[in-house]
Amino acid sequence: MSGRGPRRPDGFIQKSNARYDRHDALYRKAKKEGFAARSVYKLEEIDRECKLLRPRDRVLDLGCAPGSWLQYVDQKLTHGAAVGIDLLPTRVALSGKVRVLQGDAFETSLQELTGTPAGEPLRLFDVVLSDMAPNTTGIRTVDQARSLALCERALEVAERALAPGGRMCVKIFEGGDMKQFLDACKQVFRTVKVKRPKGTRAGSVETYVIALDRLPPAP
Ligand SMILES: C[S@@+](CC[C@H](N)C(=O)[O-])C[C@H]1O[C@@H](n2cnc3c(N)ncnc32)[C@H](O)[C@@H]1O
């Protein structure tokens, strides 16, 4: 992704007013433990605290590349199944429980995401994850609007393809119309909270909306 700020020879990144070490302790831990990205520890923390994932779940991971969340989900599911989608290729080794698509979350049909054969009712998910992030411009309002559009797509998919009682975890850039998005989530889920995991880099505007207990769709 672009917009990460200039890369420096010492491995540090200068992003707006924050300077951070790309190869920090979590990065090194992820590498040592065989995860594709340090963001796995954000999902792990959210899962531990919010009881997001269960062994028999059917899980959708929007924006799955390079693949650390899918690796975590794969380990967590004993009998479930998962599908991930990203614009970019996902190159991690995964078990047969996980299906990976390369494509745009806006353009991929629910039939394809859920793996539902034509003419059959949608095979619903128990969990929708979205760690999707836009290409950033450095212009706060533009980046927030792009992030919000990705969140709205995740919510749209959740509304249509999540089983009653299902859960959702979506990354959002703080500010802008975030309150509007939270209000929209409250129409669909009984519990909605915001969490900034400890692994979030200093100065980052990223946070996560965790929505639990999808309400039954209106008749
Ligand atoms: C921060 S990365 C996700 C990291 C991932 N959770 C992991 O643990 O490896 C964000 C991803 O969102 C993807 N993305 C952004 N817009 C997308 C879209 N419209 N459809 C699918 N993926 C998208 C990007 O290509 C990028 O790989």
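Only the coordinates and a few stated rules stand behind these numbers; no lab work does. Model, not experiment: these values are computed from the prediction. Cβ atoms come from the backbone with ideal geometry, glycine included; neighbour counts cover every protein chain shown.
Below are the figures for this structure:
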{"read-out": "Karplus-derived HN-Hα couplings along segment 39-55 (A = 6.51, B = -1.76, C = 1.60, θ = phi - 60°), whole Hz, x at Gly and Pro", "value": "5, 4, 6, 5, 5, 4, 5, 5, 4, 4, 7, 10, 6, 7, 10, 10, x"}
{"read-out": "Dipole magnitude of the chain, debye to nearest 20 (Cβ charges: Lys/Arg +1, Asp/Glu -1, about Cα centre)", "value": "820"}
{"read-out": "Residues with amide H under 5 Å from that of Ser39, placed H, sequence gap 5 or more", "value": "none"}
{"read-out": "5 angstrom amide H check on Leu129, placed H, neighbours 5+ away", "value": "Leu60, Asp61, Leu62, Cys169"}
{"read-out": "Theoretical gain in end-to-end length, Thr108 to Arg140 [0.36 nm per residue, Cα-Cα removed]", "value": "8.7 nm"}
{"read-out": "Set of lysines near Lys195 by C-alpha distance (under 25 Å), chain-local residues within fewer than 8 positions excluded", "value": "Lys15, Lys29, Lys31, Lys42, Lys51, Lys76, Lys171, Lys179, Lys186"}
{"read-out": "Alpha-carbon centroids, segment 77-113 and segment 147-217: separation in whole Å", "value": "20"}
{"read-out": "Pairwise Cα inverse-distance average, inverted: Kirkwood Rh of the chain (Å)", "value": "17.8"}
{"read-out": "Cα-projected label distance for Arg22 with Arg99, points at 7 Å along beta-carbon direction, nm", "value": "3.5"}
{"read-out": "Extended-chain gain in nm, criterion 0.36 nm per residue less alpha-carbon gap, Thr78 and Lys32", "value": "14.2 nm"}
{"read-out": "Most fluctuating residue given options Asp143, Asp86, Asp21, as computed from a GNM of the chain linking Cα atoms under 10 Å", "value": "Asp21"}
{"read-out": "Inter-label distance for Lys51 and Ser204, nm, one decimal - labels placed 7 Å from Cα along Cα-to-Cβ", "value": "2.7"}
{"read-out": "Value at 222 nm in deg cm²/dmol, rounded to 500, when DSSP H runs of n ≥ 4 in the chain each add -39,500 (n - 2.57)", "value": "-9000 deg cm²/dmol"}
{"read-out": "For Ser204, distant residues with modelled amide H under 5 Å away", "value": "none"}
{"read-out": "Packing rank of 47-58, 104-115, where each peptide gets the mean count of other beta carbons within 10 Å, highest leading", "value": "47-58, 104-115"}
{"read-out": "Relative packing of peptides 144-157, 203-216 - highest average C-beta neighbours within 10 Å first", "value": "144-157, 203-216"}
{"read-out": "Fraction of alpha-carbon pairs over 23 Å apart in segment 77-201 - percent", "value": "37"}
